[in-house]
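Worksheet: the structure to be examined is printed underneath.
Values quoted throughout were computed directly from the atomic coordinates according to the rules given, and no laboratory measurement underlies them. This one's a predicted model, so the numbers in the text were calculated from it and none came from an experiment. Positions of Cβ are generated from backbone atoms using ideal geometry, with glycine treated the same way; all protein chains shown enter the neighbour counts.
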Amino acid sequence: MDDTNSAQSAPLRELLAQRVEIQRADLVARYQDVLQESLFTNRAFVRPSMLKQIAADEAEALLNFLRRSGFYSAEHGKELYQSGFNIASVLKLSQTTCQFLLDCLEDHQVAFMLDILDSYRQAVTEGYIISMEEEHRIELERVRNALTRGST
């Protein structure tokens, strides 16, 4: 991001955070709808009773990212993976976030918002993938150990 974008970023992040705070109930409802739609495509331990809290947590993670520079959003991606969500659900949440934020802005702010949102989306996705790879490594090690024990 160049200096012009950086100068625009901090005030825009605060404006977006204010909009999220003011319209949090709407955003949480949108997240909950997305989660409900994809409920049965996720791993079995995602229960319908968890969706409202997960949607609220999603809004809180976005607010933390917007308000706290240096907030490590990859941790949130790890949490989504560990909660049982598949990547399609995570991408739908991201799309919902983008649409919500687009609804809050004037045309001249959209490019800057997309830059901000892109860094959030990349960090969340990175955390999700790291957690998934870690689980796969652990599973491979279990299989390798089982095969070793079975061949002795």
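In table form, for the structure just shown:
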{"item": "Only one of Met132, Met113 that is under 17 Å from Leu12 (Cα atoms) and either more than 13 Å from the chain's Cα centre (by Cα) or part of a helix (DSSP H, G or I) (or both)", "result": "Met113"}
{"item": "Qualifying position, being among the basic types (Lys, Arg), surrounded by 10 or more Cβ atoms within 10 Å (Cβ to Cβ) and assigned to a helix (DSSP H, G or I), among Arg121, Arg149", "result": "Arg121"}
{"item": "Odd one out for Leu140 among (1) among the aliphatic types (A, V, I, L, M); (2) within 16 Å of the chain's Cα centre (by Cα); (3) farther than 23 Å from Tyr31 by Cα", "result": "(2)"}
{"item": "Search result, residues across region 74-87 that are hydroxyl-bearing (Ser, Thr, Tyr) and surrounded by fewer than 20 Cβ atoms within 10 Å (Cβ to Cβ)", "result": "Ser83"}
